[in-house]
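Working notes, beginning with the structure itself.
The values are calculated or read from the model by the stated rules, or taken from the named source; none is laboratory data. All figures in this text were calculated on a predicted structure; none of them were measured in a lab. Reconstructed Cβ throughout: ideal geometry from the backbone, glycine too, with neighbour counts over all protein chains shown.
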């Protein structure tokens, strides 16, 4: 007589398999423009002038440091240069990626919602939701691509930020 595995045995097997999974999940809450503004000290239009990755002091994680040359301020006050720390990057043959982290390329023009890590270093608020690239349409209008403001003209984002107070 052949025995069928019990439901308890199946559940235990599923738990054990889940426990040895080599991947980890990240959960990000979807926010709106006013909420993202509240999370930010400033919202800037900037050019990406430098992108460099390095190990942290403990040698346990890679971070990318992105230098932004601010060309416009849509909210708050910001220095002319901001260095943003982003989780992940490539150092030598090692690459670390974090799902949902903003991705920068030198030479891009971006709009970024700027916040601070607990240690005071600048970061992009809302991770990838807080970063959009600036593109120009066929008549020269500045249109945002990516992030929470995807498809929105820069001028409309400015109006929404102004309407949301603070």
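Is it the case that the stretch 10-28 has a residue that's modelled with pLDDT of 60 or more, touching a helix residue (DSSP H, G or I) at 6+ places or on another chain (Cβ under 9 Å) and either more than 30 Å from residue 107 (Cα to Cα) or assigned to a loop (DSSP other than H, G, I, E, B) (or both)? Within the stretch 10-28 (the criterion being modelled with pLDDT of 60 or more, touching a helix residue (DSSP H, G or I) at 6+ places or on another chain (Cβ under 9 Å) and either more than 30 Å from residue 107 (Cα to Cα) or assigned to a loop (DSSP other than H, G, I, E, B) (or both)), the answer is no, since none of the residues qualifies.
Which count do you get for residues in the stretch 96-119 that are free of Cβ contacts under 8 Å to residues at least 12 places away in the same chain and either touching a helix residue (DSSP H, G or I) at 6+ places or on another chain (Cβ under 7 Å) or assigned to a strand (DSSP E or B) (or both)?
Looking only at the stretch 96-119, we keep the residues that are free of Cβ contacts under 8 Å to residues at least 12 places away in the same chain, and these are 97, 118-119.
With either touching a helix residue (DSSP H, G or I) at 6+ places or on another chain (Cβ under 7 Å) or assigned to a strand (DSSP E or B) (or both) added as a condition, the list becomes none.
Qualifying residue count, the stretch 96-119: 0.
Scanning the stretch 66-91 for residues that are surrounded by fewer than 17 Cβ atoms within 10 Å (Cβ to Cβ) and not in a strand (DSSP E or B) yields 76, 77, 79, 80. Here residue 155 clears all of (1) in contact with a strand residue (DSSP E or B) (Cβ under 9 Å, 6 or more places away or on another chain); (2) in a loop (DSSP other than H, G, I, E, B); (3) exposed (fewer than 15 other Cβ atoms within 10 Å of the Cβ) except the condition numbered (2).
Can you name the residue in the stretch 136-152 that is on the phi > 0 side of the Ramachandran plot and either outside any loop (DSSP other than H, G, I, E, B) or more than 13 Å from the chain's Cα centre (by Cα) (or both) and is also surrounded by the most Cβ atoms within 10 Å (Cβ to Cβ) among such residues?
By that ranking, first place goes to 151.
Of the residues in the stretch 120-135, at least one is touching a residue at least 60 places away in the same chain (Cβ under 8 Å), at positive phi, surrounded by 14 or more Cβ atoms within 10 Å (Cβ to Cβ) and not in a strand (DSSP E or B).
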